[in-house]
Amino acid sequence: MNKAVEMHRTPAHAGGWMPKDQTHVERWVQRLRHAVTHHPRPLVAPVAEFKALVEGDPTLHLQAEAMFEEAWQHKHLTPLGQVEVRSFAEFLLLLNGIMTTAPEAYEDLQTQEPAGLIGFPINALLNWPMGTVAGYGFFANELVNQQLKKVLAYWAEFLQSPASRYVLTESVSPLDRQTLIVPWLGALAKSQMVAVARGALGEGDNPTPAQFEAIFNCTPGAEYEGFASWDDFFTRTFRPGVRPVAAPDDDAIIVNACESAPLQVVKKVQRQEAFWLKGQHYSLDNLLDFDPHAAEFVGGTVYQAFLSALSYHRWHSPVSGTVRSVKVVNGSYYLANRYQGFINPAGADPSAPNQSQPFLTAVATRALIFIEADNPRIGLMCVVPVGMAEVSSCEVTVREGQRVEKGDPLGMFHFGGSTHCLLFRPGVELEFDFYGQQPGLEATNLRVNTALARVL
């Protein structure tokens, strides 16, 4: 993300999905609390089912109450600046209110600068409870995740409906009809998205234009500039030529699969590792959902990168070749590495699950796209888009047996933040290029389709 225009990002807030200043999150929760209190409505069906599931299971009910209580105690023992949601019952009411809202962005009225966006509204309520011992047990429960999937699917229907477009053009939040928000199609938000796109690094000259309308496919002058919903805007596409494919005729060049910032490269990955421990090793069996192909990658290389809130959320093929298999793995939604929680002597992750990204590759909802590269020195490789928190859909748009060229679309994330991995077999020697930066939570986006690595 361009340093000059980042939304107050720190390493703990990689990608800009939540404001650095917790005051903005707290104000948003207060307004949400006021709205659901003064305009109560029955719980929508999946939230009501979630309530019944937890209250009907003594262990889950105990864990649900304990995680909010422990988080509240930590807040009052140390100045964490966390959102104060005191109970699971209150969380359910706030969750119910989120079901008819879309992600809002805010402006600091004093500086006239962006203050951030609530791109993870549910995560904002669960950030600190996720870091507790009880929270780890609760969000690891398969029944909890099955119900959360239903909740997120319900919310997805709203985000894919015309009713969600209010955040594209309106400047007042419907929560209280008083708080000013930044319309996504307004000049300020557009300038930020343009700056992020133009700040992405890559090979050669940057072909990114200086206007939103010239970068992304839209219809200037049309209602909502032609976007049918919040999700339609979120999954917007680049105009032709904005992200050219590097070295299209050189199959030794692997291109970047997502507009994303490099997190790390790990070599000699093992088939089975204790991925839940502090070190967050990659465990191929778990990452690949015990796919028979996992054995072929033992001793190979994993490259991981994360996506930013103001960027592009589709995936492209890093190589030319044939799609051998495709699978979407159902996983957890709000489970973070327990060693990034309150048991960590350095303190809990202030924006969970950012610091748990390697761990999430083994437990979160993800897609597995195996591609047999034309270049025999690459051979079979795998693209693994991983959903984080609010992401309830990894949509794959290719099928088994399909021929793909380098840079062709593979699919997209919906509704929220994400990370992804590229897996290569042992013996594939790669020379990565991060364009003068080191991988990590402070890294800057690399352009999708730009040269990422050369096979030696």
Quiz item: Filtering the range 185-210 down to residues that are within 23 Å of L446 (Cα to Cα) and touching a helix residue (DSSP H, G or I) at 6+ places or on another chain (Cβ under 7 Å), which residue is surrounded by the most Cβ atoms within 10 Å (Cβ to Cβ)?
Solution: A197
Self-check item: Flag for G379 being modelled with pLDDT of 85 or more and either within 19 Å of F297 (Cα to Cα) or open to solvent by 10 Å² or more (accessible area, probe 1.4 Å) (or both)
Solution: yes
Quiz item: Could you give every pair whose Cβ atoms fall below 6 Å, whose first residue belongs to the range 394-416 and is farther than 21 Å from D374 by Cα, and whose second residue is of a type in the set (D, E, K, R) and in a loop (DSSP other than H, G, I, E, B), counting only separations of at least 6 or pairs across chains?
Solution: F415/E390; G416/E390
Practice problem: Output the residues belonging to the range 229-249 that are open to solvent by 50 Å² or more (accessible area, probe 1.4 Å) and without any contact (Cβ under 8 Å) to a residue 60 or more places away in the chain. | Solution: R239, P240, G241, D249
Quiz item: Scanning the range 138-157 for residues that are surrounded by 15 or more Cβ atoms within 10 Å (Cβ to Cβ) and either of a type in the set (G, A, S) or farther than 21 Å from Y334 by Cα (or both), which turns out farthest from the chain's Cα centre (by Cα)?
Solution: A140
Quiz prompt | Residue pairs meeting the criteria (Cβ under 8 Å; at least 6 apart or on separate chains; first farther than 13 Å from P103 by Cα, in the range 156-172; second open to solvent by less than 10 Å² (accessible area, probe 1.4 Å) and among the hydroxyl-bearing types (S, T, Y)) | solution = S161/S229; P162/S229
Quiz item: Looking at E431, is it open to solvent by 10 Å² or more (accessible area, probe 1.4 Å), modelled with pLDDT under 95 and not aliphatic (A, V, I, L, M)?
Solution: no
Quiz item: List, please: which pairs have Cβ atoms under 8 Å, are six or more places apart or on different chains, and start with a residue in the range 38-49 that is in the same structural domain as L143 (by the TED database) and end with one that is surrounded by 11 or more Cβ atoms within 10 Å (Cβ to Cβ) and outside any helix (DSSP H, G or I)?
Solution: V44/M99; V47/M99
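The values are calculated or read from the model by the stated rules, or taken from the named source; none is laboratory data. The model shown is predicted, which means the values in this text are computed figures rather than measured ones. Cβ: placed from backbone, ideal geometry, glycine included. Neighbour counts: every protein chain shown. For the accessible areas, the whole protein counts, side chains as well, though only heavy atoms, and no ligand, DNA or RNA atoms are used. Shrake-Rupley method; radii C 1.70, N 1.55, O 1.52, S 1.80 Å.
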